[in-house]
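Below is one structure, written out as structure tokens, with a few remarks after it.
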Amino acid sequence: MRFFLEIGKVVGSRVWLLALMILIVAGAFNIHSAQAGPNNVGAKKCKECHKAEHGVWKGTKHFKSYRKVHKNKKAKKIVKAVGGKRMKKTALCKTCHYTTDKKDRPKSGPSCESCHGAAKNWINIHNDYGKGKTRETEDAAHKAARKKNATAAGMIWPSETFDVAMNCNGCHGLGNVPNGGDIAKMLDSGHPLNAGFELVKYSQGSVRHRFYPPKVTENQKMTKAQMSAMFVAGQAASLVAATKAIKKSKHAKFVAAQKERIALAKKVLAAVKGSVPAAGKVLSSPTAANGRALSKAVAGKDLTGAVGKWLPTSFK
Ligand code: HEC
Ligand code: HEC
Ligand code: HEC
Ligand code: HEC
């Protein structure tokens, strides 16, 4: 507060002071919101260096939905139910269905930054190996700092499976709807809520882009073992997200869907807690910190013995 008062003296006007405070507070909130329009750079920018990933995205429902979803009969009914006129101009719909530009105008469907974080503040950090350095010669401390700094600026790294999954859940579990009243209006007017969203099934089909070095031209399929670790991290996120979301609305359909997700996640985590104690912690206290710790504990592990029977055999 002292800081604002000092600035207030310098600027010499309360109106300016208020405007400045609003700007700073708004900025602070935007940094961690993956859908924040003002901080999006757009998928075309990413394409300059990530052509293959962009090619995959163009084949997904996320991409194709942009030209279609607002024309859907159901869409018109849902927009009306929440008091809007047009889907592309309704703030609530923009939260999940569109990637917007600086002026908050929809530019595409859910895209790179919907999943990896609005990039304005991290795009120039995430690929900076340091002066004169390459991927191969960057030292470990620089790499760690780069990852940390990009994360602080809003980037969601693919290796942080729990955070990736929490972010999908915000849209796919309807947790990102700010207001419980709107959840009821959306569901009553026919908005889908798919309790069957599961990270492996939904990320290893049409969405899959895994051009990891050294085979950067190959979209690599996951092994069963890799899927098992991702599945467990995804279920931890399901539990944490659904436990939080369920408090938002008493709508029967909403409550039933969240309960279904919580029940599966509990079964899965109970099946692995014998070999991975961190799973027990998420069960007794479903917090983001515990979820993240579990995700780290299972990375690289083969848990097919414990969770193989739940792994998907077909993908979205
Ligand atoms: C100027 C080139 C460039 C642009 C533009 C660019 N990136 Fe990258 N990106 C890279 C490089 C190089 C790496 C590899 C960094 C490393 O080795 O860790 C990378 C890494 C990544 C990773 C992490 C990959 C991993 O293996 O963990 C993600 C996710 C990513 N970029 C997403 C994006 C998105 C989303 C955009 C657009 C908002 C974008 N990038 C724009 C060059 C770029
Ligand atoms: C919290 C995120 C979220 C918000 C907010 C949201 N949607 Fe959705 N919407 C989704 C997701 C996720 C799906 C896909 C569900 C599935 O099929 O798994 C979807 C699907 C739809 C569909 C069905 C599309 C199809 O292909 O059949 C329509 C129509 C729709 N939404 C309209 C709207 C409208 C209109 C608004 C604004 C009032 C809105 N949505 C707000 C997340 C959201
Ligand atoms: C639906 C969410 C989603 C969207 C949209 C998305 N990503 Fe990803 N991205 C992921 C996930 C999940 C992973 C982890 C990959 C895995 O292991 O399956 C990933 C991995 C990556 C990687 C590392 C793997 C690789 O291919 O090198 C890069 C780079 C990347 N994404 C860039 C992008 C860019 C650029 C776009 C837009 C053109 C994009 N992503 C769109 C979710 C998404
Ligand atoms: C910003 C919100 C948002 C985020 C984040 C998001 N999605 Fe989606 N996703 C949607 C919407 C909206 C649809 C439905 C589009 C439509 O039907 O028109 C959708 C549809 C899909 C579909 C197509 C489903 C089908 O039945 O055909 C898949 C697969 C998918 N998402 C996977 C993922 C995965 C995996 C992640 C996280 C790595 C993710 N999504 C993150 C909003 C989001």
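Among the candidates SER206, SER228, the residue that is away from ligand 1 (no atom under 16 Å from the Cβ) and in a loop (DSSP other than H, G, I, E, B) is uniquely SER206.
Please enumerate the residues belonging to the range 196-226 that are away from ligand 4 (no atom under 13 Å from the Cβ) and surrounded by 18 or more Cβ atoms within 10 Å (Cβ to Cβ). Hit for the range 196-226 is GLN226, nothing else. Checked against the criterion of being under 29 Å from PRO158 (Cβ atoms), surrounded by fewer than 21 Cβ atoms within 10 Å (Cβ to Cβ), at pLDDT 95 or above and among the aromatic types (Phe, Trp, Tyr), the range 108-129 contains one or more residues that satisfy it.
Taken together, the residues in the range 121-150 that are aliphatic (A, V, I, L, M) and touching a Phe, Trp or Tyr at 6+ places or on another chain (Cβ under 7 Å) amount to 1. Just the residues that are within 7 Å of ligand 3 (Cβ to nearest atom) and either among the aromatic types (Phe, Trp, Tyr) or not in a loop (DSSP other than H, G, I, E, B) (or both), please, taken from the range 42-54. Matches in the range 42-54: ALA43, CYS46, LYS47, ALA52, GLU53, HIS54. Is it true that VAL307 is among the aliphatic types (A, V, I, L, M), out of contact with any Leu (no Cβ under 9 Å at 6 or more places or on another chain) and in a loop (DSSP other than H, G, I, E, B)? When the stated conditions are applied, VAL307 does not pass them. The condition of being modelled with pLDDT under 95 and loosely packed, with under 14 Cβ neighbours inside 10 Å holds for only one of LYS85, LYS102, that being LYS102. Note on the range 109-187: enclosed helices (runs of 4 or more DSSP H) holding 1 or more residues that are within 20 Å of MET230 (Cβ to Cβ), in contact (Cβ under 8 Å) with a residue 40 or more places away in the chain and among the hydroxyl-bearing types (Ser, Thr, Tyr) are 112-116, 161-172. Within the set THR304, THR243, the sole residue that is of a type outside the set (Gly, Ala, Ser) and over 23 Å from the mean Cα position of the chain (by Cα) turns out to be THR304. Scanning the range 79-89 turns up one or more residues that are more than 12 Å from ligand 4 (Cβ to nearest atom), in contact (Cβ under 8 Å) with a residue 40 or more places away in the chain and in a helix (DSSP H, G or I). Across the range 55-72, what is the number of residues that are among the hydroxyl-bearing types (Ser, Thr, Tyr) and within 11 Å of ligand 3 (Cβ to nearest atom)? Total satisfying the criteria: 1.
Restricting attention to the range 90-99 and to residues that are in contact (Cβ under 8 Å) with a residue 24 or more places away in the chain and under 25 Å from GLY180 (Cβ atoms), the residue that is surrounded by the most Cβ atoms within 10 Å (Cβ to Cβ) turns out to be TYR98. Of the residues contained in the range 249-259, none is found to be in a loop (DSSP other than H, G, I, E, B) and without any contact (Cβ under 8 Å) to a residue 12 or more places away in the chain.
The values are calculated or read from the model by the stated rules, or taken from the named source; none is laboratory data. It should be emphasised that the depicted structure is a prediction, and the values quoted were computed from it without experimental measurement. Backbone-built Cβ (ideal geometry, glycine too); neighbour counts: all protein chains shown.
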